[in-house]
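Data first, discussion second: the structure below is written as structure tokens.
The values are calculated or read from the model by the stated rules, or taken from the named source; none is laboratory data. Just so it is clear, the structure is predicted and the values come from calculations on it, not from any experiment. Cβ placement follows ideal geometry from the backbone for every residue including glycine, while neighbour counts extend to all protein chains displayed.
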């Protein structure tokens, strides 16, 4: 249940940059997850190597960016301040933190199940399909709760000084798939593979 948050004198009329970055990164991740789901539903078809290559690239992206850059900053910088000043959100924040702790292991499980499907064949398709659907549903709900409960609470209770520190941290994320930043040459091949072969809304491949 969404906490009944009361207005605070600290409420900002303009959104901090970190709020925009979090929402942009959520939107990119949601698009990635939906594209992944569409690819799995469609299956390998006549191009299994491309299919598995793109799915591996997508899972690597999820592990490399949201898990390593996005979640730690929420857990270490944003969530503690909100929980301390908005006790109504503390239980939900504890839940979201536990989900962050499981994020890396969940992605690694999907990577293992995908490899099993690729190497051992169709008999291993269903376990990956079931796990992927569960993961997609879980992650989309996780982001929904952050955006509909935690971010509005943060806007009500955090001060300008709080936001200055949080903004500075999130502004270093620079996820190229949001469209706001140039590609990092280190990851250029990864982004090219995803964009060229994944279905819309993330890529240019067939939907």
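One table, with the values for the structure above:
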| read-out | value |
| --- | --- |
| Pairs, first on the phi > 0 side of the Ramachandran plot and part of a loop (DSSP other than H, G, I, E, B) in region 145-174, second at pLDDT below 95 and exposed (fewer than 15 other Cβ atoms within 10 Å of the Cβ), C-beta under 7 Å, six or more apart | 174/181 |
| Breaking point among (1) touching a helix residue (DSSP H, G or I) at 6+ places or on another chain (Cβ under 9 Å); (2) assigned to a helix (DSSP H, G or I); (3) surrounded by fewer than 15 Cβ atoms within 10 Å (Cβ to Cβ), for residue 119 | (1) |
| Whichever residue in region 29-71 is at pLDDT below 85 and under 9 Å from the mean Cα position of the chain (by Cα) and, among such residues, is farthest from residue 171 (Cα to Cα) | 67 |
| Those residues of region 28-74 which are in a loop (DSSP other than H, G, I, E, B) and under 30 Å from residue 160 (Cα atoms), in sequence order | 65 |
| Residue tally, condition in contact with a helix residue (DSSP H, G or I) (Cβ under 6 Å, 6 or more places away or on another chain), free of Cβ contacts under 8 Å to residues at least 24 places away in the same chain and more than 30 Å from residue 122 (Cβ to Cβ), over region 10-65 | 0 |
| Unique residue being part of a helix (DSSP H, G or I) and at pLDDT 95 or above when the list is 77, 102, 92 | 92 |
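Let's see how each residue does on (1) at pLDDT 90 or above; (2) surrounded by fewer than 17 Cβ atoms within 10 Å (Cβ to Cβ); (3) over 21 Å from residue 48 (Cα atoms):
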| position | (1), (2), (3) |
| --- | --- |
| 164 | yes, yes, yes |
| 172 | no, yes, yes |
| 177 | no, no, yes |
| 180 | no, yes, yes |
| 184 | no, yes, yes |
| 189 | no, yes, no |
| 192 | no, yes, no |
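A quick yes/no check of all residues on (1) closer than 24 Å to residue 25 by Cβ; (2) under 14 Å from the mean Cα position of the chain (by Cα):
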site	(1), (2)
73	yes, yes
82	yes, no
92	yes, no
103	yes, yes
111	yes, no
119	no, no
127	no, no
131	yes, no
